[in-house]
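The structure appears below as structure tokens.
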Amino acid sequence: MKRPVVLTTWCLGICGLAVLATLYVFSVAPGVPTADDMLPLGLLIVLTAGGVAFPIEVAPKIKIGVGSTAIFAALLLFGVAAAVVVTVLGMVLAYTIRPGHNSTLARLFNIATLVLGVIAAGGGMTLISGSPLLTSAIGVREIVALVVGAGLFVLTNSLLVAVAADLKLGQPLLRHYLLDQREKAPHTGSLLLLGALAALVGAGQPWAILLVAIPMAMVALSLRQTAQIRRQTCQALEQLADVVDLRDPYTADHSRRVAKYTEALCHELGLSRAETDIIVRAARVHDIGKLGMSSAIVSEARPLFLAELTEMRRHPVIGANIVSRFSDFRAGAAIVLHHHERWDGTGYPDGLSGEKIPLGARVIAVCDTFDAMTSDRPYRSALPASAALAEIACCAGSQFDPRIAEAFLRLHGYPVAPLPVRQPRSVQVG
Ligand SMILES: [Fe+2]
């Protein structure tokens, strides 16, 4: 079956499951709200809608919605049936406020995953403590139920979404999921804890649920500011990488181009979005270690003397040290460190060979070399793309990972089968 058909079947299946589970919940525990419940339930619906409609970017391309705080509070205050109603109406209101570009099926799927998360959390808590409702008498059993409920809520929802992402993009599910959750988990955990605190306050006085809007807004503001600082830090580091390129008129914009080639190559290789982000970010700053080199060496037109070459070859180590100090680049530090390793083990700084070289470093090595060859240098003019591609083909299996070199050639329309007969050789890059 084709991937879009499988994805549609998966989404429809989850929607159907959510409807069946909801019918079951309402048949065993309808939980009809009293007149006093209407106001806090209405507030929770509005808070859910606001949180979903205006998600926060906690890391590049990773967004979370603070609506889960209100949904979790609804579960703890009013039970599963009411929390399902809050989820559905909150999500419908969110899509009304901010329609976005999602298809109707995608919207229904998003609502269904949250509904199933709520029902799983409620079911788990009922099994442990007899009910998801939070009372003032909290013992160890209730705390365990709370933690398990929060875990089930996040796990159910995020895993169902991760499977859909896997079916849509054809990405390795577990790795994609773990990388995404590493960024999201601390924030999601804090939001659910906030929901539990709101429920504790609201359990005594439903009006007090209004108070949850204040910490929710503060958390949202704080997350937004943190994301903004992270974004600015990334931009500052990327600008430093541009400064390195600008020190030599022949390498201006080199890092930007390498990052562009790298992104296209990652897509060609079918890497996950999270993995691609790490590699592209590393590509953008791969030569930042040249900041520690003297301008005389970086922009020297003649071939370097041995001592200068030794100095120049320190730039991956210096670069890895620099980027490892920044959380958004830390995952790519090993890639920066090894971007001059060679598939046959004759590269630097550690002489790694084959798959011992990080995948991202093997990807960048091809793109870095291609850009170096197709750019003017003081000692030679830029090679035409066709000649540079022929060089890449010749060095596949010696300098480059053959699978990655082949993907790069395929991406640029170079005939990859059969590859030219390979002679031992290498291409110099900066
Ligand atoms: Fe380099």
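Here are a few things to note about the model shown:
- Fraction of the pair-distance distribution of the stretch 247-411 above 29 Å, Cα-Cα pairs, percent: 12
- Subtracting the Cα-Cα distance of Y24 and Q228 from 0.36 nm times their residue separation leaves 69.1 nm of extension gain.
- Over all directions, the projected convex hull of the C-alpha atoms in the chain averages 24.1 nm² in area.
- R0 of 51 Å, Cβ-Cβ distance F54-S295: FRET efficiency to nearest 0.05: 0.65
- Cβ-defined net charge surrounding R98, 14 Å radius [Lys, Arg +1; Asp, Glu -1]: +2
- Neighbour counts of other Cβ atoms within 10 Å put I404, I335, I322 in the fewest-to-most order I322, I404, I335.
- The GNM of the chain, with springs linking C-alpha atoms under 10 angstrom apart, assigns the highest mean-square fluctuation among A388, A199, A73 to A388.
- Degrees, to the nearest 10: 254-269 long Cα axis against longest axis of the chain: 60
- Once the Cβ-Cβ distance of S131 and R403 is raised to the sixth power relative to R0 = 51 Å, the FRET efficiency obtained is 0.40.
- Rounded to 10°, Cα long-axis angle of helix 213-246 versus longest principal axis of the chain: 0
- The order of the peptides 224-235, 141-152 by mean Cβ neighbours within 10 Å, most packed first, is 141-152, 224-235.
- For the chain, with +1 on Lys and Arg beta carbons and -1 on Asp and Glu, the positive-most of L337, I297, C394 along the dipole: C394
- For the chain, the longest principal axis of the C-alpha atoms and the axis of helix 359-373 are separated by about 40°.
- Close Lys pairs in the chain, defined as Cα atoms under 19 Å apart and 8 or more places apart or on different chains, number 6.
Since every read-out is calculated from the coordinates, none of them should be taken as a lab result. Note that the structure is predicted; figures quoted are calculated from it, not measured. As a convention, Cβ positions derive from the backbone with ideal geometry for all residues, glycine included, and neighbour counts pool all protein chains shown.
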